1. Taking all protein chains as present, what is the carbon and sulfur share of the accessible area of region 20-76, in % to the nearest whole number, probe 1.4 Å?
2. With every protein chain in place, what's the accessible area of Ser10 (1.4 Å probe, Å², nearest 10)?
3. If you find the alpha carbon centre of region 103-119 and of region 1-64, how far apart are they in angstrom?
4. Among the aspartates and glutamates, which have Cα under 15 Å from the Cα of Lys134 when same-chain residues fewer than 8 positions away are ignored?
5. Taking 0.36 nm per intervening residue step and subtracting the Cα-Cα distance, what contour gain separates Arg34 from Ala46 on full extension?
6. Per residue, how much accessible surface does region 1-127 expose to a 1.4 Å probe? Answer in Å², no decimals.
7. Report the paramagnetic label zone for Asp91: residues of region 32-62 whose backbone N is under 14 Å from a point 7 Å from Cα along the Cα-to-Cβ axis.
8. Check which residues have an amide H placed less than 5 Å from Thr39's amide H, if you skip close sequence neighbours.
Amino acid sequence: MSQDPWTEMSDEKHRVLGFRAAEPEEALAHFTGRLRFETDPYDVNADLTAGLTGFVVLDVRRRPAYDAEHIEGAVHFSHHDMTPRTLAALDPAPVYITYGWGPGCNGGTRGAAKLAAAGLRAKEMIGGLEYWQKGGYPTAGSGTGSDAESGAGSGLGVGGRVGVGAAATTRTGAATAPAATTGCCI
């Protein structure tokens, strides 16, 4: 295992160790750096369930996708609608947790980038709604068998479960329509 990058990239016999492992200090910086930028459905659900505050979950997909199904308590704010003017109205105190459809959708990344460009703190929830559903965590919306929870009037203030408590039916783990038919980022 050479330190020459071309040799490392061409090593077909050593897939795992073809690239040398990082030294512990370098690995620590990399992995803790990722955790500053990302969270996952398990951690978001755990903190919401525990009633922790200081963050707001933002569904950054288009309105039809949000209306069909979204994380219970998430506030709709499409990344398409994020501009310096619209973002200036947000409370700067919480950390904004963005998510899109799933791993094949970069809407959560786009939303988090726009929030950061506006001087707001943000993390992307990796896996998006798809992995939230796979975890069996609660959702709301018209696709859950109830009237859609619109998020209207819930505001984007400080706190965790913005909009939670509205009369929305939740469910766990049921399949939903693909992103293309719910207007994810189209």
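The values are calculated or read from the model by the stated rules, or taken from the named source; none is laboratory data. The structure displayed is predicted, hence computed values, not measured ones. Here the Cβ is made from the backbone with ideal geometry for all residues, glycine too, and neighbour counts use every protein chain on show. These accessible areas exclude ligands, DNA and RNA; they are computed on the full protein's heavy atoms, side chains included. Shrake-Rupley method; radii C 1.70, N 1.55, O 1.52, S 1.80 Å.
1. Solvent-exposed carbon and sulfur of region 20-76 make up 59 percent of the total.
2. 70
3. 16
4. Qualifying aspartates and glutamates at Cα under 15 Å: Asp40, Asp43, Glu69, Glu72.
5. Numbers: separation 12, 0.36 × 12 = 4.32 nm, distance 1.92 nm.
Fully extending the segment from Arg34 to Ala46 adds 2.4 nm.
6. 57
7. 52-58
8. When sequence neighbours closer than 5 places are left aside, the close amide H contacts are Glu124, Met125, Ile126.
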